[in-house]
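*Asks:* Let me begin by handing over the structure; questions about it come next.
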Amino acid sequence: MLVLSRKKNESIVINNDITIVVVEIRGDKVRLGVEAPKEVPVHRREVYDAIKRNESGQSATDASTNSE
């Protein structure tokens with residue numbers, strides 16, 4: 001894992017087309033802005049995990065439906 005230090009309004013660039021900007025720092029919270037192409041999905045980790053769980057459950061349901 002790469003660990004970087006950034007101040008408010010500073011940014012990092014990923015793969016030439018994704019930019020992460022530190023928008024605000026308030027206490028122990030950091031607000032980040034993400035600029036990415038529309039075709040690149042960007043999710044908070046908990047949302048991403050829920051999507052993956054849903055997809056896994058859907059795959060299991062599809063497999064059991066197809067085996068009938």
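*Asks:* Percent relative contact order of the chain, based on C-alpha pairs within less than 8 angstrom and at least six residues apart?
*Replies:* Computed over the chain, the figure is 18 percent.
*Asks:* Give me the distance in nm between label points sitting 7 Å out from Cα along the Cα-to-Cβ direction at GLU10 and LYS29, one decimal.
*Replies:* For the pair GLU10/LYS29, the computed spacing is 2.3 nm.
*Asks:* May I ask for the net charge around GLU46, where only other residues with Cβ less than 12 Å from the Cβ of GLU46 are counted and Lys, Arg are +1 while Asp, Glu are -1?
*Replies:* +3
*Asks:* Which one, (1) 3.7; (2) 6.9; (3) 5.0, gives mean projected area of the Cα convex hull in nm² as derived from the coordinates shown?
*Replies:* Given (1) 3.7; (2) 6.9; (3) 5.0, the calculated one carries the label (2).
*Asks:* Got a sec? Charge dipole of the chain, +1 on Cβ for Lys and Arg, -1 for Asp and Glu; which of VAL30, VAL42, THR19 is way out at the positive end?
*Replies:* Checked the options; the winner is VAL30.
*Asks:* Give the cross-link partners of LYS8 among the lysines, using a straight C-alpha distance below 17 Å as the criterion and excluding same-chain residues fewer than 8 apart.
*Replies:* Output for LYS8: LYS29.
*Asks:* Here is a follow-up. Helix 45-66: angle to the longest alpha-carbon principal axis of the chain, degrees 0 to 90, nearest 10?
*Replies:* Its long axis makes an angle of about 10 degrees.
Just so you know, all these numbers are worked out from the coordinates, no wet-lab data involved. It should be emphasised that the depicted structure is a prediction, and the values quoted were computed from it without experimental measurement. Glycine also receives a Cβ, built like all others from the backbone with ideal geometry; neighbour counts cover every protein chain displayed.
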